[in-house]
1. When the range 59-100 is examined, which residues are found to be among the small types (Gly, Ala, Ser) and over 21 Å from the mean Cα position of the chain (by Cα)?
2. Looking only at residues that are touching a residue at least 24 places away in the same chain (Cβ under 8 Å) and among the small types (Gly, Ala, Ser) in the range 48-93, which one is surrounded by the fewest Cβ atoms within 10 Å (Cβ to Cβ)?
3. When only residues in the range 26-76 that are in contact with an Asp or Glu (Cβ under 6 Å, 6 or more places away or on another chain) and part of a loop (DSSP other than H, G, I, E, B) count, which is farthest from SER12 (Cα to Cα)?
4. Just the residues that are of a type outside the set (A, V, I, L, M, F, W, C) and assigned to a loop (DSSP other than H, G, I, E, B), please, taken from the range 85-113.
5. If you take the residues of the range 114-123 that are among the polar types (S, T, N, Q) and either more than 19 Å from SER32 (Cβ to Cβ) or not in a loop (DSSP other than H, G, I, E, B) (or both), which of them is farthest from the chain's Cα centre (by Cα)?
6. Would you mind stating whether GLY224 is modelled with pLDDT under 95 and in contact with a helix residue (DSSP H, G or I) (Cβ under 6 Å, 6 or more places away or on another chain)?
7. Within the range 135-148, is there a residue that is part of a helix (DSSP H, G or I), at pLDDT 95 or above, of a type outside the set (Asp, Glu) and closer than 18 Å to GLY198 by Cβ?
Amino acid sequence: MTSASPILIIGSMAFDDLELPTGSERDVIGGSATYAAFAAAVFAPVRVVAVVGDDFPETMLTTMRGRDIDVTGVERAAGKTFRWAGRYDTDLIHRTTLDTQLNVFASFNPKLPDSFRSTPFLLLGNNHPALQLDVLEQVNNPAFVVADTMNFWISGEPQTLASMLRRIDTLVVNDEEARQLSGIYNIRRAARDILKRGPKRVIIKRGEHGALLFDEEGIFAAPGFPLEDVVDPTGAGDSFAGGLLGYLATQQQVTALSLRRAMLHATATASFCVEAVGTRRISTLTREDVTHRVTEIRTLYEFGASTM
């Protein structure tokens, strides 16, 4: 396998209490950094900066180390770990947040270890854009920066978010967030508007329908893989972002072609995440698993048109 560059991920590590159609699950270990790290580690070495409380199990950190995830930057603070509770509808598409307890995450002030500062690939997980900007001040000329955001920051911190957008390579959002950020309903026009705000590329996640990449080369659609068993969608978007950066870290350079290949690998990686509760599947995923599913995804649209 091609040697891969390391990836730095800044985000949350959390406990999730889930109400799923299959039943209730408590104390499920989640968080954007956790999902993204396991996904990226399928392809490349990963470094994580996050904060957990004194209730967070050491066994999970040991598991992450075993997947070539460096948790030196995970701070253990006195108090409780960030906790989120949500209920999913029977379609597993719509969900309702029941409770959010920031706990130690409320005062999270990421401090990058010196050994992390020159990491070439950077993923800024969904967080306050001021915190994302602070991280950008601590890194040394990263080769590729991907950022996530959400409705709360789009409406509550528009100016700070605008500053962050001018300093990243790629923004990853879902279609609802893209429409809110741009004020435009049509996805293609919304993406064009966001590109004018600074990022070189915009990736719009569309759940089970895959994702769209908008860049200077045009538009690329990565289809979602139709699964028979969807159990828990939590963390799928973070797994997508981790898989995207993980694949790119195996390439000699980021090009239009490598980005499109990365989209397929990201979609494939995320499809495994939803097949089990929490990180149970994504934490055991292999490169061979992903490669096989990418092949399956390609059969969705490669139908021998050149011979017809």
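The values are calculated or read from the model by the stated rules, or taken from the named source; none is laboratory data. These numbers come from a predicted model, not from an experiment. Please note: Cβ atoms are built from the backbone with ideal geometry, for glycine as well, and neighbour counts cover all protein chains shown.
1. Matches in the range 59-100: ALA77, ALA78, GLY79.
2. Among those residues, the one meeting the criterion is ALA78.
3. So, considering only residues that are in contact with an Asp or Glu (Cβ under 6 Å, 6 or more places away or on another chain) and part of a loop (DSSP other than H, G, I, E, B), the one farthest from SER12 (Cα to Cα) is PRO45.
4. Passing the criteria: ASP89, THR90, ASP91, HIS94, ASN109, PRO110, LYS111, PRO113.
5. The selected residue is SER115.
6. yes
7. Yes: the range 135-148 contains one or more residues that are part of a helix (DSSP H, G or I), at pLDDT 95 or above, of a type outside the set (Asp, Glu) and closer than 18 Å to GLY198 by Cβ.
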